[in-house]
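The values are calculated or read from the model by the stated rules, or taken from the named source; none is laboratory data. This structure is a prediction, so every number in the text was calculated from the model and none was measured. Neighbour counts are summed over all protein chains in view; Cβ atoms, including those assigned to glycine, are modelled from backbone coordinates with ideal geometry.
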Amino acid sequence: MSDVAILRDIARTINRAIKITVMDWKDPRPPYVRGSDIRIVDLDGKTMLNPFGYFAQALRSDMVIDIGGGDSFADIYGGRRLRRMFILKYLTHLAGTPLVMAPQTIGPFTKPVSRFLARLSMRLCAVVATRDTLSTAAAREMGVTRPIIEASDVALRLQFDQPSPRAGGPVRVGLNVSGLLMGGGYTGHNEFALKSDYPVLVRDIIRFFQGRGCEVHLVPHVIVATGAMVGEDDMRASMMLAAEFPGTVLAPSFKTPSEAKSYIASMDFFLGARMHACVAAFSTGVPVVPMAYSRKFVGLFGSIGYDRTVDCTAETAAAILSKVTKAFDDRSTLATEATMALQRGTAKLAAYEDALKKLMISLR
């Protein structure tokens, strides 16, 4: 949604009509990107490999923007997901269509073949944008010498509805629980190498805030109703915890990212293990503690000067809970820090928007 908004803004600025084909994996939920300029095409293995599918669409397009799921251009999520990333990128290169790597996390890549294919693809792109300093450094370490735009997350631009003013009532604490981490990762064997027991930590956090008289909202952000990736579903994990902890509020199954962001904007304090749930809080002025399971968290937030991330791979549960407690007590300071960091992030994102504008003008 955010990249679509950026494209529409640029098109208005340069007075050029655009048609946007959105290709994404099939979802049982209705598409949430709408408009007379939008065409939705479901993506699956057959469409990806059929020469009359994705490749034909790439041939017909003036440019292709690939956001890589924000953080999927890495091998920490398994070979299957990364192979899809490479297939789509190289089909675009083969079509000769300018490929834009929208701001995303780059790496880590642990396998030599992954590093080679990633390096070559970035060399062939029309625009390469990262969303953090660590990703830029990772690309340079792999031998990418071309210009790289170090931007920020496009979700900073995601539209939302301002919450209505509240008079009194308990402090609202939003907690995003990762279904993926609750299940021990994809394999159930803690492949993200968390130092603490994540399910125990989550329960301790709920007990702490309920003990402080707060209204705890369980906010699912990745919702997977059916299919092979159902183990990632935050809703099932949140429903289980809502039943276990009476008094918690279970957020609805959001139909769009903007709905989720609007709900999160009504919180007084937020913490979570899904990065974009934390970005939603951060970019709406809600004091937030991101709970990192990979370097993408500290990369994104640290690059714009927001240093409140806790590292679940390196810190004990006691240390994390201590930092969360301190941050909650100092949430007005966190809100100020978030406002200043958001300004820096928006300024960095403008560099990506400028590069996209130049490319669109050149394609006339």
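Here's the yes/no breakdown for (1) without any contact (Cβ under 8 Å) to a residue 40 or more places away in the chain; (2) assigned by TED's automatic domain parsing to the domain that holds residue 292:
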residue	(1), (2)
104	yes, no
107	yes, no
110	yes, no
114	yes, no
126	no, no
167	yes, no
187	yes, yes
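May I ask you to list the residues in region 189-213 that are in a helix (DSSP H, G or I) and either in the same structural domain as residue 79 (by TED's automatic domain parsing) or not hydrophobic (A, V, I, L, M, F, W, C) (or both)? Result: 198, 199, 203, 204, 207, 210, 211. Look at region 56-83: where a residue is more than 22 Å from residue 2 (Cα to Cα) and a partner is aliphatic (A, V, I, L, M) and crowded, with 19+ Cβ neighbours inside 10 Å, sitting 6+ places away or on another chain with Cβ atoms under 6 Å, you get 75/82.
Yes/no per residue for (1) over 21 Å from residue 320 (Cα atoms); (2) surrounded by 17 or more Cβ atoms within 10 Å (Cβ to Cβ); (3) out of contact with any strand residue (DSSP E or B) (no Cβ under 7 Å at 6 or more places or on another chain):
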position: 183; (1), (2), (3): no, yes, yes
position: 209; (1), (2), (3): no, yes, no
position: 212; (1), (2), (3): no, no, yes
position: 224; (1), (2), (3): yes, yes, yes
position: 233; (1), (2), (3): yes, yes, yes
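Among the residues of region 160-172, those identified as at pLDDT 90 or above and either buried (at least 16 other Cβ atoms within 10 Å of the Cβ) or among the basic types (Lys, Arg) (or both) are 160, 172.
For residue 175, the conditions (1) part of a helix (DSSP H, G or I); (2) modelled with pLDDT of 95 or more; (3) of a type in the set (A, V, I, L, M); (4) under 21 Å from the mean Cα position of the chain (by Cα) all hold with the exception of (1). Just one of the listed residues (54, 32) is in the same structural domain as residue 99 (by TED's automatic domain parsing), crowded, with 17+ Cβ neighbours inside 10 Å and of a type in the set (Ser, Thr, Tyr), namely 54.
So for region 154-164 (the condition being over 24 Å from residue 338 (Cα atoms) and part of a loop (DSSP other than H, G, I, E, B)), does at least one residue qualify? Scanning region 154-164, I find no residue that is over 24 Å from residue 338 (Cα atoms) and part of a loop (DSSP other than H, G, I, E, B), so the answer is no. From the list 65, 76, the one residue that fits, being closer than 30 Å to residue 192 by Cα, in a loop (DSSP other than H, G, I, E, B) and of a type in the set (Val, Ile, Thr), is 76. Yes or no: residue 208 of a type outside the set (D, E, K, R), over 15 Å from residue 175 (Cα atoms) and in contact (Cβ under 8 Å) with a residue 40 or more places away in the chain? Here the answer is no, as residue 208 does not meet what is asked. Figure legend. Inter-residue proximity from region 247-266: first residues in contact (Cβ under 8 Å) with a residue 12 or more places away in the chain, second residues among the polar types (S, T, N, Q), beta-carbon distance below 7 Å, spacing 6+ or different chains. Indicated pairs: 247/210; 250/238; 258/159; 261/284; 264/284; 265/162; 265/284. One residue alone among 276, 217 is touching a Leu at 6+ places or on another chain (Cβ under 8 Å) and outside any loop (DSSP other than H, G, I, E, B), and that residue is 217. Among the residues of this structure, residue 143 does not count as one that is part of a loop (DSSP other than H, G, I, E, B), without any contact (Cβ under 8 Å) to a residue 60 or more places away in the chain, out of contact with any Lys or Arg (no Cβ under 8 Å at 6 or more places or on another chain) and not assigned by TED's automatic domain parsing to the domain that holds residue 258.
Within region 324-349, residues that are surrounded by fewer than 17 Cβ atoms within 10 Å (Cβ to Cβ) sit with their Cβ atoms under 9 Å from residues that are in a helix (DSSP H, G or I), at 6+ positions apart or across chains, in these pairs: 325/208; 333/327; 344/303; 346/156; 346/157. The set of residues in region 91-122 that are surrounded by 21 or more Cβ atoms within 10 Å (Cβ to Cβ) and assigned to a loop (DSSP other than H, G, I, E, B) comprises 105, 106, 107, 109.
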